[in-house]
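A.B. asks: This is the structure I have questions about; it appears just below.
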């Protein structure tokens with residue numbers, strides 16, 4: 001399979017604990033943000049999204065928080081499970097005529113049994 | 001429904017050789033994208049297409065060409081491969097271009113240029 005990267009920041013959590021993954025985005029004009037999960041050997045998989053006119057959005061076991069003042073995005077995973085082990089990327093969409101996702105560098109989540 | 005598929009999965013080239021990566025999607029999506037992913041970095045957009053017969057440059061287009069002759073296919077070409085193009089290449093597709101843009105990704109192609 002395709003490995004994602006060898007030098008990513010890593011978050012290690014105990015199974016059952018909550019995880020918080022952080023992301024700083026670059027463009028204050030971005031109006032849409034997405035979190036992706038990438039497992040080893042696979043392409044990124046959509047988790048949850050949030051528009052810039054919101055500061056919180058909840059999904060199943062996941063919550064995304066957006067702080068536009070400091071251009072910060074976080075992904076909270078409740079009751080982390082071994083299957084959550086992966087690399088997590090945030091991405092932003094710029095408010096221009098293009099349709100481009102700009103990805104952050106990613107965080108590796110390791111879940112200890 | 002296979003989603004997004006990529007061919008080949010692995011390839012090794014010598015400097016100066018050319019090759020074409022094929023991406024296919026069966027979801028009737030209008031938009032298709034090619035990204036590269038290098039170790040320790042997120043995905044960077046190479047080229048994208050908003051419909052059959054149209055293509056546009058992304059963030060890192062130099063050294064690559066693309067074609068979208070059929071709606072379901074998006075081809076990425078390397079005219080003269082360089083070691084700097086060693087990377088993992090991901091194709092993606094989506095129904096809309098902005099807002100509610102959920103891109104579906106293929107499994108990736110690992111390319112090594114010697």
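A.B. asks: Take the residues in region B:83-108 that are buried (at least 22 other Cβ atoms within 10 Å of the Cβ), more than 15 Å from residue B:41 (Cβ to Cβ) and more than 7 Å from every other protein chain (Cβ to nearest Cβ), then tell me which one is modelled with the highest pLDDT.
C.D. replies: Looking at the filtered set, the residue picked out is B:91.
A.B. asks: Follow-up question, since we're still on this one. If residue A:109 meets every condition in (1) surrounded by fewer than 16 Cβ atoms within 10 Å (Cβ to Cβ); (2) in contact with a helix residue (DSSP H, G or I) (Cβ under 8 Å, 6 or more places away or on another chain) apart from one, which number is that one?
C.D. replies: (1)
A.B. asks: Being assigned to a loop (DSSP other than H, G, I, E, B), farther than 28 Å from residue A:48 by Cβ and modelled with pLDDT of 95 or more is true for just one of B:16, B:77. Which residue is that?
C.D. replies: Working: B:77 fails: assigned to a loop (DSSP other than H, G, I, E, B).
When all the criteria are applied, what remains is B:16.
A.B. asks: Without any contact (Cβ under 8 Å) to a residue 60 or more places away in the chain and over 26 Å from residue A:49 (Cβ atoms): is that true of residue B:52 in this structure? Explain how you work it out, then say what you get.
C.D. replies: On the way: without any contact (Cβ under 8 Å) to a residue 60 or more places away in the chain: yes; over 26 Å from residue A:49 (Cβ atoms): yes.
So residue B:52 fits the description; yes.
A.B. asks: Same structure again: More than 26 Å from residue A:32 (Cα to Cα) and surrounded by 13 or more Cβ atoms within 10 Å (Cβ to Cβ): is that true of residue B:80 in this structure?
C.D. replies: Numbers: more than 26 Å from residue A:32 (Cα to Cα): yes; surrounded by 13 or more Cβ atoms within 10 Å (Cβ to Cβ): no.
Considered against the rule, which asks whether it is more than 26 Å from residue A:32 (Cα to Cα) and surrounded by 13 or more Cβ atoms within 10 Å (Cβ to Cβ), residue B:80 comes out as no.
A.B. asks: On to the next question. Residues that are surrounded by fewer than 17 Cβ atoms within 10 Å (Cβ to Cβ), free of Cβ contacts under 8 Å to residues at least 40 places away in the same chain and within 26 Å of residue B:89 (Cβ to Cβ): does region A:36-50 have at least one? I'd like the intermediate steps shown before the answer.
C.D. replies: Here is the first cut: in region A:36-50, the ones surrounded by fewer than 17 Cβ atoms within 10 Å (Cβ to Cβ) are A:39-41, A:45-46.
Add one more test, that the residue is free of Cβ contacts under 8 Å to residues at least 40 places away in the same chain, and what stays is A:45-46.
Still in the running and within 26 Å of residue B:89 (Cβ to Cβ): A:45-46.
Taking every residue of region A:36-50 in turn, at least one turns out to be surrounded by fewer than 17 Cβ atoms within 10 Å (Cβ to Cβ), free of Cβ contacts under 8 Å to residues at least 40 places away in the same chain and within 26 Å of residue B:89 (Cβ to Cβ).
A.B. asks: Right, here's the next one. Within region A:55-72, is there a residue that is within 20 Å of residue B:104 (Cα to Cα) and surrounded by fewer than 17 Cβ atoms within 10 Å (Cβ to Cβ)?
C.D. replies: yes
A.B. asks: Looking at (1) away from chain B (no Cβ under 13 Å); (2) over 28 Å from residue B:60 (Cβ atoms); (3) not in a strand (DSSP E or B), which one does residue A:28 not meet, given that it meets all the others?
C.D. replies: (2)
A.B. asks: Let me ask you something else. If I filter region B:28-43 for residues that are surrounded by 13 or more Cβ atoms within 10 Å (Cβ to Cβ) and more than 26 Å from residue A:33 (Cβ to Cβ), do I get at least one hit?
C.D. replies: no
A.B. asks: Is it the case that residue B:50 is within 12 Å of chain A (Cβ to nearest Cβ) and outside any strand (DSSP E or B)?
C.D. replies: Values: within 12 Å of chain A (Cβ to nearest Cβ): yes; outside any strand (DSSP E or B): no.
Criteria not met by residue B:50.
A.B. asks: Could you check residue A:18 against (1) touching a strand residue (DSSP E or B) at 6+ places or on another chain (Cβ under 6 Å); (2) more than 13 Å from every other protein chain (Cβ to nearest Cβ) and say which number it fails?
C.D. replies: With (1) touching a strand residue (DSSP E or B) at 6+ places or on another chain (Cβ under 6 Å); (2) more than 13 Å from every other protein chain (Cβ to nearest Cβ) applied to residue A:18, the lone miss is (1).
A.B. asks: Would a scan of region A:66-89 turn up a residue that is out of contact with any helix residue (DSSP H, G or I) (no Cβ under 9 Å at 6 or more places or on another chain), away from chain B (no Cβ under 11 Å) and modelled with pLDDT under 90? Lay out the reasoning, then the answer.
C.D. replies: As a first pass, look at region A:66-89 and keep what is out of contact with any helix residue (DSSP H, G or I) (no Cβ under 9 Å at 6 or more places or on another chain): A:66-76, A:78-89.
Next cut, away from chain B (no Cβ under 11 Å) only: A:66-76, A:78-86.
Of the ones still in play, those that are also modelled with pLDDT under 90 are none.
The answer is no, given that none of the residues of region A:66-89 is out of contact with any helix residue (DSSP H, G or I) (no Cβ under 9 Å at 6 or more places or on another chain), away from chain B (no Cβ under 11 Å) and modelled with pLDDT under 90.
A.B. asks: Give the residues of region B:12-40 that are within 11 Å of chain A (Cβ to nearest Cβ) and farther than 17 Å from residue B:109 by Cβ, sorted by residue number.
C.D. replies: Passing the criteria: B:30, B:31, B:40.
The values are calculated or read from the model by the stated rules, or taken from the named source; none is laboratory data. Just so it is clear, the structure is predicted and the values come from calculations on it, not from any experiment. Note: ideal-geometry Cβ built from the backbone for every residue, glycine included; neighbour counts use all protein chains shown.
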